[in-house]
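The values are calculated or read from the model by the stated rules, or taken from the named source; none is laboratory data. Quantities reported herein were computed from a predicted structural model and do not represent experimental measurements. Every residue, glycine as well, gets a Cβ built from its backbone with ideal geometry; the counts of neighbours run over all protein chains shown. In case anyone asks, the SASA skips ligands and DNA or RNA and just uses the protein heavy atoms, side chains included. Shrake-Rupley method; radii C 1.70, N 1.55, O 1.52, S 1.80 Å.
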Amino acid sequence: MEYELICGLETHVELATASKLFCGCAASFGGEPNTRCCPVCLGLPGALPRLNRRAVGYAVRTGLALNARVMPVSRMARKNYTYPDLPKAYQITQYAEPICRGGGLRLFNGRVVPIERIQIEEDAGKLIRRDGKLWVDYNRAGVPLLEIVSLPAIYSAEEARDYMERMQQLVRAIGVSDGRMQEGSIRCDVNVSVRPKGSTELGARTEIKNMNSPAFMVRAINYEYRRQVEVLRAGGAVVRETRRYVEQNGTTAPMRGKEAADDYRFFPEPDLPPIFVTAEELEAARAALPELPDDRCRRFVTQFGLTEEEAGLLVRYRRVADYFEEAAGGLKNPSLVARWLLGPVYSRMSGDAARENFAPAVSAAQLHELAGLVEGRGLSTHVARQALEKMLDTGEPCRRFLTEQDFAGLDSAALREICRVVLARDSRAAADYRQGKERALQALLGAVMRETRGRAEPAAARQQLLSLLRENP
């Protein structure tokens with residue numbers, strides 16, 4: 001029997017507020033353990049929570065960006081459990097009345113994954129295993145989260161990765177989170193089940209906790225799919241449980257039995273009033289919503305003539321997209337700026353954080369000037385690329401590395417004559433190419449570029465070489 005995979009994702013997004021959800025402690029990442037705590041986030045008797053207004057605003061903004069219904073009234077609830085990462089033995093979250101319902105997130109393939117709910121909640125502390133002991137750091141306890149719950153409508157590990165990356169792109173673009181997976185600012189609990197192909201019934205699901213790497217999530221989902229299929233084909237039953245990803249061997253392992261809603265004993269949080277969102281507040285939030293990634297991507301294609309792939313890569317990071325718009329504005333060939341950004345500039349930035357905090361040594365105005373010299377003064381793209389590398393090394397403007405000779409372009413006749421000289425001088429390479437050795441053409445092209453001091457356009461030089469080689473077989 002053939003089985004198909006069904007996934008649903010519970011995405012936890014840490015909100016970019018200065019303070020925690022219910023107290024004034026800093027919500028920043030890292031630091032010495034247990035140095036950003038107070039009676040509220042430690043759950044000490046008599047300490048009362050006070051809801052962070054900005055976190056509510058960020059939740060509304062996210063709901064609007066995902067086309068969800070922002071509820072005029074929502075309520076906080078207590079979710080009771082006794083793990084040591086929450087010292088008061090319950091989490092303040094939302095349950096029966098979340099702040100948003102519905103909506104959806106479009107994948108790169110165009111399909112929209114429907115969302116069930118978006119709720120506000122506090123994060124738990126962090127458990128640390130060290131020297132054979134279990135320690136707890138409560139710095140993260142109380143940090144504001146959005147939990148965005150999709151419906152079970154993801155049908156491959158690749159779609160799950162796409163969903164996670166698209167969600168990261170969205171929350172960054174609207175400014176509600178830095179989305180740093182490596183710091184846990186966005187992470188997913190993945191619900192995985194399988195069912196016979198053609199069936200409409202969902203199978204028993206397992207939950208893989210706290211995935212904050214797209215690559216690891218793909219491996220975990222694929223392993224869990226194979227594991228569940230093997231269990232069913234052997235005549236067994238899949239146990240509903242919570243599992244963890246084992247990075248060392250790419251498997252999943254049991255953590256605990258999966259709790260049901262009754263186990264958490266949800267009830268309304270008595271220390272916090274309902275959350276009201278007025279129609280005026282909703283319209284103000286809608287008006288303040290920035291251009292969304294999908295809209296910006298489409299605009300880059302139509303306005304700047306980029307490919308969908310180029311536009312998608314630039315829009316992934318808001319600062320990169322802003323930089324591109326400034327550098328490419330008014331140019332006849334904006335795609336040249338896009339290629340430089342995605343090539344030599346990106347190659348010097350290792351990792352997601354460097355691109356998120358995009359701050360290259362070359363300003364957008366300097367890059368615009370260099371591209372303008374290609375368009376207006378006939379500077380070859382090859383020479384411009386060399387100048388750009390030096391600009392990235394030093395931060396100095398392009399004219400520091402260009403001479404008047406660099407602007408003395410080559411017309412077609414002059415380039416053809418240089419190619420003829422190179423072929424006559426490097427007759428061995430020419431003979432090798434005629435005998436089918438493709439690498440010989442690259443050697444000839446390199447010789448032409450050296451002869452012209454990089455002023456020739458490589459594509460034009462290659463065309464002239466091939467023309468001359470065909471004329472003299």
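Figures for the structure shown
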{"quantity": "Filter pass, residue 267 being among the aromatic types (Phe, Trp, Tyr), surrounded by fewer than 17 Cβ atoms within 10 Å (Cβ to Cβ) and at pLDDT 95 or above", "calculated": "no"}
{"quantity": "Filter result (outside any strand (DSSP E or B), open to solvent by 20 Å² or more (accessible area, probe 1.4 Å) and of a type outside the set (Asp, Glu)) within region 127-163", "calculated": "132, 138, 140, 151, 152, 155, 156, 161"}
{"quantity": "Residues that are surrounded by 18 or more Cβ atoms within 10 Å (Cβ to Cβ) and within 22 Å of the chain's Cα centre (by Cα), drawn from region 186-211", "calculated": "186, 187, 188, 190, 191, 208, 211"}
{"quantity": "Any hit, region 321-329, residues being at negative phi, open to solvent by less than 10 Å² (accessible area, probe 1.4 Å) and under 22 Å from the mean Cα position of the chain (by Cα)", "calculated": "yes"}
{"quantity": "Criterion violated by residue 9 - all others in (1) surrounded by 23 or more Cβ atoms within 10 Å (Cβ to Cβ); (2) over 25 Å from residue 156 (Cα atoms) satisfied", "calculated": "(2)"}
{"quantity": "Residue pairs meeting the criteria (Cβ under 9 Å; at least 6 apart or on separate chains; first in contact (Cβ under 8 Å) with a residue 60 or more places away in the chain, in region 277-289; second among the hydroxyl-bearing types (Ser, Thr, Tyr) and open to solvent by less than 90 Å² (accessible area, probe 1.4 Å))", "calculated": "277/74"}
{"quantity": "Leading residue by the ranking (nearest to residue 22 (Cα to Cα)) among those in region 85-107 that are in a loop (DSSP other than H, G, I, E, B) and in contact with a helix residue (DSSP H, G or I) (Cβ under 7 Å, 6 or more places away or on another chain)", "calculated": "99"}
{"quantity": "Among the candidates 115, 154, residue that is in contact with a helix residue (DSSP H, G or I) (Cβ under 8 Å, 6 or more places away or on another chain), at pLDDT 95 or above and hydrophobic (A, V, I, L, M, F, W, C)", "calculated": "154"}
{"quantity": "Among residues of region 353-385, those that are in contact (Cβ under 8 Å) with a residue 60 or more places away in the chain and surrounded by fewer than 16 Cβ atoms within 10 Å (Cβ to Cβ), counted", "calculated": "1"}
{"quantity": "Filter pass, residue 376 being among the small types (Gly, Ala, Ser) and either within 23 Å of the chain's Cα centre (by Cα) or at positive phi (or both)", "calculated": "no"}
{"quantity": "Of the criteria (1) at pLDDT 95 or above; (2) within 29 Å of residue 55 (Cβ to Cβ), which one residue 212 fails", "calculated": "(1)"}
{"quantity": "Matching residues, region 259-289, being assigned to a loop (DSSP other than H, G, I, E, B) and under 25 Å from the mean Cα position of the chain (by Cα)", "calculated": "288, 289"}
{"quantity": "Yes/no for residue 294 being open to solvent by less than 40 Å² (accessible area, probe 1.4 Å) and either modelled with pLDDT under 95 or touching a Leu at 6+ places or on another chain (Cβ under 6 Å) (or both)", "calculated": "yes"}
{"quantity": "Selection within region 109-126 - closer than 16 Å to residue 154 by Cβ, among the aliphatic types (A, V, I, L, M) and surrounded by 15 or more Cβ atoms within 10 Å (Cβ to Cβ)", "calculated": "113, 115"}
{"quantity": "The listed residue being surrounded by fewer than 16 Cβ atoms within 10 Å (Cβ to Cβ), of a type in the set (Val, Ile, Thr) and part of a helix (DSSP H, G or I), out of 231, 218", "calculated": "231"}
{"quantity": "Which listed residue is modelled with pLDDT under 95 and within 27 Å of the chain's Cα centre (by Cα), from 247, 241", "calculated": "247"}
{"quantity": "Top-ranked residue in region 19-34 [being touching a strand residue (DSSP E or B) at 6+ places or on another chain (Cβ under 7 Å) and surrounded by fewer than 18 Cβ atoms within 10 Å (Cβ to Cβ); ranked as nearest to residue 224 (Cα to Cα)]", "calculated": "33"}
{"quantity": "Residue list for region 432-446, restricted to those being open to solvent by 40 Å² or more (accessible area, probe 1.4 Å) and out of contact with any helix residue (DSSP H, G or I) (no Cβ under 6 Å at 6 or more places or on another chain)", "calculated": "434, 435, 436, 437, 438, 439, 442"}
{"quantity": "Qualifying residue in region 43-54 (condition: without any contact (Cβ under 8 Å) to a residue 60 or more places away in the chain, part of a strand (DSSP E or B), more than 30 Å from residue 229 (Cβ to Cβ) and open to solvent by 30 Å² or more (accessible area, probe 1.4 Å))", "calculated": "no"}
